[in-house]
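Trainee: Please read through the structure below; I'll follow up with questions.
The values are calculated or read from the model by the stated rules, or taken from the named source; none is laboratory data. As the structure is a prediction and not an experimental result, all values here were calculated from the model. Don't worry about glycine lacking a Cβ; one is built from the backbone with ideal geometry, like all the others, and counts go over all protein chains shown.
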Amino acid sequence: MSPSCSKPPFPWGMALGFTALAAFLRFAALGQEALFLDERLTIDTATIPAFSEFLRAFLHRDPHPPLYFLLMRWWIRLFGVGHIALRFPSALFGALTVPVVMRALYESRCATRLSLIAVGSLASVCPFHIYYSQEARPYAMQVLFFALNLLYAVRIWVDTRPLPRRSDLAALLLTAALAIC
């Protein structure tokens, strides 16, 4: 669709359908696999009682950004360390990525109904994305933040105003920070 054309409304129903499919594929077998070594490291890191020890241990054990492990400290206290409870946040982040990438394509002004169907279905059923959305590791959360960052970058890119909206610029900077934190 050319920038001069009026844009049809975002197909929220389609996005919801693909998000439901993505959620089903990510949550269906969430507790079937035993915890991997990396997931046990998530538990070990997130359950260190003293926050100062958590930070010290985190810096020496794991090369990943700390935001996920801070989230998991809170999550484990509320829901425990069962397989499903531990992997639930990643599956949720993975499912939520689907409408975000669809919206990023829509905002690019190049979206057609067929391209939105293609992106929604690919994001929903991608085996690698499903696999990493079922691990108690930060990968799915980081993909979601990168997708959100892409969404705001596209919004800024296609904006015809001399200066981008402050809200889009703030969201771009925030999602970039969250992706690397």
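Trainee: Kindly provide the set of residues from region 73-99 that are of a type in the set (A, V, I, L, M) and either surrounded by fewer than 17 Cβ atoms within 10 Å (Cβ to Cβ) or assigned to a helix (DSSP H, G or I) (or both), ordered by number.
Mentor: Ile76, Leu78, Ile84, Ala85, Leu86, Ala91, Leu92, Ala95, Leu96, Val98
Trainee: Gly94 - would you say it is out of contact with any strand residue (DSSP E or B) (no Cβ under 8 Å at 6 or more places or on another chain) and farther than 16 Å from Leu30 by Cβ?
Mentor: Judged against the criteria, Gly94 is not a match.
Trainee: Taking the condition buried (at least 18 other Cβ atoms within 10 Å of the Cβ), more than 11 Å from the chain's Cα centre (by Cα) and under 18 Å from Thr42 (Cα atoms), does Arg155 pass?
Mentor: no
Trainee: Can you spot a residue in region 110-117 that is in contact with a Phe, Trp or Tyr (Cβ under 8 Å, 6 or more places away or on another chain), surrounded by 15 or more Cβ atoms within 10 Å (Cβ to Cβ), modelled with pLDDT of 95 or more and assigned to a helix (DSSP H, G or I)?
Mentor: Looking through region 110-117, at least one residue is in contact with a Phe, Trp or Tyr (Cβ under 8 Å, 6 or more places away or on another chain), surrounded by 15 or more Cβ atoms within 10 Å (Cβ to Cβ), modelled with pLDDT of 95 or more and assigned to a helix (DSSP H, G or I).
Yes or no, residue by residue, for (1) over 15 Å from the mean Cα position of the chain (by Cα); (2) free of Cβ contacts under 8 Å to residues at least 60 places away in the same chain; (3) within 22 Å of Ala179 (Cα to Cα):
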position: Phe54; (1), (2), (3): yes, yes, yes
position: Arg73; (1), (2), (3): yes, yes, yes
position: Gly82; (1), (2), (3): yes, yes, no
position: Arg87; (1), (2), (3): no, yes, yes
position: Phe93; (1), (2), (3): no, yes, yes
position: Leu96; (1), (2), (3): no, no, yes
position: Thr112; (1), (2), (3): yes, no, no
position: Cys126; (1), (2), (3): no, yes, yes
position: Glu135; (1), (2), (3): no, no, yes
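Trainee: Next question. Which condition from (1) assigned to a helix (DSSP H, G or I); (2) surrounded by fewer than 22 Cβ atoms within 10 Å (Cβ to Cβ) is the one that Met102 breaks?
Mentor: Unmet condition: (2).
Trainee: What number goes with the only condition from (1) at pLDDT 90 or above; (2) surrounded by 17 or more Cβ atoms within 10 Å (Cβ to Cβ); (3) within 20 Å of Ala179 (Cα to Cα) that His64 does not pass?
Mentor: It is condition (1) that His64 fails.
Trainee: Same structure again: Here is a list: Arg56, Arg26. Which entry is part of a helix (DSSP H, G or I) and more than 30 Å from Leu151 (Cβ to Cβ)?
Mentor: It is Arg56.
Trainee: Check off (1) surrounded by fewer than 18 Cβ atoms within 10 Å (Cβ to Cβ); (2) under 17 Å from Leu21 (Cα atoms); (3) not charged (D, E, K, R) for His129 and give me the number that stays unchecked.
Mentor: Of everything listed in (1) surrounded by fewer than 18 Cβ atoms within 10 Å (Cβ to Cβ); (2) under 17 Å from Leu21 (Cα atoms); (3) not charged (D, E, K, R), His129 misses just condition (1).
Trainee: A follow-up question, please. Could you please find all residues in region 6-34 being surrounded by 14 or more Cβ atoms within 10 Å (Cβ to Cβ) and either closer than 15 Å to Pro138 by Cα or not hydrophobic (A, V, I, L, M, F, W, C) (or both)?
Mentor: Scanning region 6-34 gives Pro11, Gly17, Thr19, Arg26, Gly31.
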